Number of protein chains: 2
Amino acid sequence: MSENINLAEKLALFSEHWSPRTVTHFNGHDIMVVKVQGEFVWHKHDETDDFFLVLKGRLTIHLRDRDVVLGPGELFVVPRGLEHQPFAEEETHLLLIEPTGTPNTGDTATAASQQII
Amino acid sequence: MSENINLAEKLALFSEHWSPRTVTHFNGHDIMVVKVQGEFVWHKHDETDDFFLVLKGRLTIHLRDRDVVLGPGELFVVPRGLEHQPFAEEETHLLLIEPTGTPNTGDTATAASQQII
């Protein structure tokens, strides 16, 4: 079995949007890939920073007072407690990192599956 | 000031090998970029997993019983306590994540600068 984790291969395994899949674990965090398109809900995580790295496409992270726009090879960390709303006009592929068990929206049962794909 | 962190732009700011630069922080970790070529020393980190994502080039992570080979868009997490030796024949660019203050080699004063580039 190959141990290298190819992110494009992992992303080819599913098509749903806003449904992160865990590819490995790191220091109590899930390393995840996700496909997104359209806008997610406004939310915040009081207990964790939120890591976004764009692999393909373009992601706008709306903050209450400004936008952060990310292209491929660009990342941004939303500080804990800061409200944000991700938006992607075209389908966009991301690498996400969150503590294992973190709900997507910060306040509902939307944690990613713990199963590694 | 642009808040998106462009990894290629950060990597263009320096040329030294095996000298990670911190680009931002995440949950008590440094998010770092590094240029590597040749082989690093065998080492392990007893207190932390070791995250490697190849951005450009090709990285071989020698483990005592096997090799893990990574190309662009591929990642591997070396579990804590596992001896490893990174090697790159050509200059290779990586995204690394380690707890803030972690020494590169696990046992000497080789922690990356905390200053964000």
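The values are calculated or read from the model by the stated rules, or taken from the named source; none is laboratory data. Just so it is clear, the structure is predicted and the values come from calculations on it, not from any experiment. Neighbour counts run over all protein chains shown; Cβ positions are idealised from the backbone, glycine included. Only protein heavy atoms, including side chains, enter the accessible area calculation; ligands, DNA and RNA are left aside. Shrake-Rupley method; radii C 1.70, N 1.55, O 1.52, S 1.80 Å.
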> Which entries of A:Lys44/B:Lys10; A:Lys10/A:Lys35; A:Lys10/B:Lys56; A:Lys56/B:Lys10; B:Lys10/B:Lys44; A:Lys10/A:Lys56 show an alpha-carbon separation above 22 angstrom in the structure shown?
Replying inline: A:Lys44/B:Lys10; B:Lys10/B:Lys44
> Taking chain B as the region of interest, what is the percent of Cα-Cα pairs per 5 angstrom bin, listed from the shortest bin to the one with the maximum distance?
Replying inline: 2, 12, 23, 27, 21, 10, 3, 1, 0, 0
>> If I take every Cα pair under 8 Å that is 6 or more residues apart in the range B:7-99, average their sequence separation and divide by the length, what percent do I get for the relative contact order?
In response: 35 percent
> Restricting the count to DSSP beta bridges whose residues both fall in chain B, what percent are antiparallel, rounded to a multiple of 5?
Replying inline: 95 percent
>> Please check: in the Gaussian network model of chain A (C-alpha springs, under 10 Å), which one of A:Val33, A:Val77, A:Val23 has the largest mean-square fluctuation.
In response: A:Val77
> Roughly how big is the B-A contact, given as buried accessible area in Å² (both sides, 1.4 Å probe, nearest 100)?
Replying inline: 2400 Å²
>> Taking each residue in A:47-54, count the Cβ atoms of any other chain within 10 Å of its Cβ, then average. What number comes out?
In response: 3
> If one computes the Cα centroid of the range A:40-83 and of the range B:9-51, what distance in Å separates the two points?
Replying inline: 23 Å
>> What is the sum of charges, Lys and Arg at +1 and Asp and Glu at -1, for the other residues whose Cβ falls under 14 Å from the Cβ of B:Gln37?
In response: -2
> Considering only protein heavy atoms, what per residue accessible area in square angstrom results for the range B:7-99 with a 1.4 angstrom probe?
Replying inline: 41 Å²
> What accessible area, in Å² to the nearest ten, does a 1.4 Å probe give for A:His29?
Replying inline: 20 Å²
